[in-house]
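The structure appears right after this line, and notes come after that.
The values are calculated or read from the model by the stated rules, or taken from the named source; none is laboratory data. Model, not experiment: these values are computed from the prediction. Please note: Cβ atoms are built from the backbone with ideal geometry, for glycine as well, and neighbour counts cover all protein chains shown.
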Amino acid sequence: MRTARFTTEPFSCPSCVRKIEGVLEHTPGVTDARVLFNSNKVRVSFDPDSVTPGELAEVVTSLGYPVLTTKVA
């Protein structure tokens, strides 16, 4: 299991946070997704054999929040 941390452009509303978490949690290979509204951060736990950090960043970006930075641990 790995963890990706993304910084995005600012979120526009709390309901957007729930949408992003929901879509990420339904992405194959993702075990957990958390969005921090006030700091524009997304943390995703994932199986690197199933999905890449780049693919996860594309999911977030496709929801209208371009990823600005990525860190993987």
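What to note about this one:
- Identification of strands (runs of 3 or more DSSP E) wholly contained in the chain with 2 or more residues that are of a type outside the set (Val, Ile, Thr), at pLDDT 95 or above and in contact with a Leu (Cβ under 8 Å, 6 or more places away or on another chain) yields 2-8, 41-46.
- Filtered residue count, the stretch 1-12, keeping only those that are among the aliphatic types (A, V, I, L, M) and surrounded by 12 or more Cβ atoms within 10 Å (Cβ to Cβ): 1
- Matching residues in the stretch 34-61 - criterion: being closer than 11 Å to Phe6 by Cα and not charged (D, E, K, R): Val35, Leu36, Ser39, Asn40, Val42, Val44, Pro53, Gly54, Leu56, Ala57, Val60, Thr61
- Within the stretch 7-29, being hydroxyl-bearing (Ser, Thr, Tyr) and touching a Pro at 6+ places or on another chain (Cβ under 9 Å) holds for one residue alone: Thr8.
For every residue, the table says whether it meets (1) touching a Lys or Arg at 6+ places or on another chain (Cβ under 9 Å); (2) surrounded by 13 or more Cβ atoms within 10 Å (Cβ to Cβ).
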| residue | (1), (2) |
| --- | --- |
| Pro14 | no, no |
| Arg18 | no, no |
| His26 | no, no |
| Ser39 | no, no |
| Val44 | yes, yes |
| Val51 | no, yes |
| Gly54 | no, no |
| Val60 | no, yes |
